[in-house]
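Heads up, the thing below is written out as structure tokens.
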Amino acid sequence: MNVLAVDIGGSHVKVLANGGGEPRQFESGPALGPKRMVLRVKQITKDWNYRALSIGYPGPVLRNRPVSEPHNLGLGWVGFDFEAAFGRPIKLINDAAMQALGSYRGGKMLFLGLGTGLGSAMIVSGIVEPMELGHLPYKKRTYEDYVGQRGLDANGKRKWRRFVTDVVDQLVRALEPEEVVLGGGNVRHLTELPPLCRMGNNSDAFLGGFRLWAHAGEASQTGGTSKYASMKYPRIQEQENGSFS
């Protein structure tokens with residue numbers, strides 16, 4: 001069965017089916033609501049075959065449903081019936097957690113997504129825990145205000161890089177991960193990675209979406225035209241609290 005992975009970000013929505021060729025995308029932004037998102041996803045994937053979806057949502061998720069509206073998109077996401085809108089089974093997960101799953105190699109890993117905001121997730125021995133670290137207090141505002149897009153625009157690349165290094169250092173000392181994966185669109189602006197860090201890959205979110213279905217043998221791992229179709233997936237199981245292992 002082919003799976004469509006949908007990565008909803010603050011500036012773009014990106015999609016890929018594990019048998020569907022190259023990723024496609026469209027712009028998101030503060031006016032994008034769930035109905036518009038579903039319509040645009042259907043439009044740009046109308047020539048793809050998929051029977052289930054994984055959706056990376058930019059906010060807290062509990063039991064396959066958003067529990068709060070996203071900070072950088074429009075309203076209407078809480079209570080929206082994604083399965084009815086797409087007419088297919090859905091696995092909904094925090095977007096940073098989906099990227100973390102795609103980049104996970106084992107042990108205790110912290111994922112930080114440097115994009116419109118600051119996405120974050122922790123994986124320990126295969127169990128992923130989405131986090132909302134970006135909204136914790138930092139200096140005069142929050143982590144996200146300094147290392148998200150607003151911080152980059154306001155302070156320039158040089159200061160932004162210093163803030164990233166400082167934020168990573170604080171979180172490493174607090175959470176004690178074995179490694180940190182830095183993902184998100186703005187990671188390309190870093191000229192040097194902080195200690196314990198490695199750079200994520202643009203395909204991590206899609207691979208994470210495929211992994212959500214792989215434990216049940218429901219994601220196709222062979223065939224198709226996508227270069228992601230042959231990727232290997234570890235076992236990942238859903239927990240009572242909405243996380244996966």
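The values are calculated or read from the model by the stated rules, or taken from the named source; none is laboratory data. Predicted, not measured: the structure shown is a model, and the values here were computed from it. In this analysis, Cβ positions are derived from the backbone assuming ideal geometry, glycine residues included, and neighbour counts consider all displayed protein chains. These area figures cover heavy atoms from the full protein model, side chains too; ligands, DNA and RNA do not enter into them. Shrake-Rupley method; radii C 1.70, N 1.55, O 1.52, S 1.80 Å.
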Of the numbered conditions (1) open to solvent by less than 40 Å² (accessible area, probe 1.4 Å); (2) within 20 Å of the chain's Cα centre (by Cα), residue 136 fails exactly one; give the number of that condition. (1)
Checking residue 73 against (1) in a loop (DSSP other than H, G, I, E, B); (2) closer than 21 Å to residue 201 by Cα: exactly one of these is not met. Which one? (2)
Filter result (open to solvent by 10 Å² or more (accessible area, probe 1.4 Å), within 18 Å of residue 90 (Cα to Cα) and either touching an Asp or Glu at 6+ places or on another chain (Cβ under 8 Å) or modelled with pLDDT of 95 or more (or both)) within region 10-36: 14, 33, 35, 36
Can you work out which of the residues in region 37-49 that are crowded, with 16+ Cβ neighbours inside 10 Å and of a type outside the set (Ser, Thr, Tyr) is farthest from residue 73 (Cα to Cα)? 48
Residues (part of a strand (DSSP E or B), within 14 Å of the chain's Cα centre (by Cα) and under 15 Å from residue 115 (Cα atoms)) located in region 1-31: 7, 8, 12, 13, 14
Checked region 91-112 for anything in a strand (DSSP E or B) and either open to solvent by 10 Å² or more (accessible area, probe 1.4 Å) or of a type in the set (Asp, Glu) (or both); matches are 91, 108
Among the listed residues 163, 80, which satisfies the condition of being without any contact (Cβ under 8 Å) to a residue 24 or more places away in the chain and open to solvent by 20 Å² or more (accessible area, probe 1.4 Å)? 163
